[in-house]
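Right, one structure below, let's go through it.
The values are calculated or read from the model by the stated rules, or taken from the named source; none is laboratory data. Computed from a predicted model, the values in this text were never measured in an experiment. We place every Cβ from the backbone using ideal geometry, glycine too, and count neighbours over all the protein chains shown.
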Amino acid sequence: MAEFVISEQDIVNAICIDQARKHQLEPEQVEVELFYDDDDGFSAEAFCNGQKQILNSFNMIQAIRLWIEEVLGQDPYAAGIKLLLDREEGIIASVH
């Protein structure tokens, strides 16, 4: 798989798809906020049916793998995924 970058919006979309599957919702029914903290690293909050789900970086990468498979039609395990904080782009993922 060629190296590429996944935008912050696509990470949010990936988490929406992942959480929608887990809670039997449509992706549009899921709200997501991404976070970065120097001590805790990357995380996200997903709001589904009025409940908050906390996702750590592992959960976020699993959601990105689902997105790579379903949206891009690529093998999600053929590449490494690393979450990065970019000053201009926000939270992004490098796929290599």
**OP:** Quick one: in segment 1-40, of everything that is in contact (Cβ under 8 Å) with a residue 40 or more places away in the chain and part of a loop (DSSP other than H, G, I, E, B), which residue is nearest to the chain's Cα centre (by Cα)?
**Re:** Ser7
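Being free of Cβ contacts under 8 Å to residues at least 60 places away in the same chain, part of a strand (DSSP E or B) and surrounded by 12 or more Cβ atoms within 10 Å (Cβ to Cβ) is the requirement here; does Ser43 meet it?
On the way: free of Cβ contacts under 8 Å to residues at least 60 places away in the same chain: yes; part of a strand (DSSP E or B): yes; surrounded by 12 or more Cβ atoms within 10 Å (Cβ to Cβ): yes.
Answer is yes for this residue.
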Original post:
Which number in (1) in contact with a Ser or Thr (Cβ under 8 Å, 6 or more places away or on another chain); (2) surrounded by 12 or more Cβ atoms within 10 Å (Cβ to Cβ) marks the one condition that Ile54 misses?
Top reply: (2)
Original post:
Which residues, taken from segment 73-87, are among the aliphatic types (A, V, I, L, M) and either at positive phi or at pLDDT below 95 (or both)?
Top reply: Ala78, Ala79
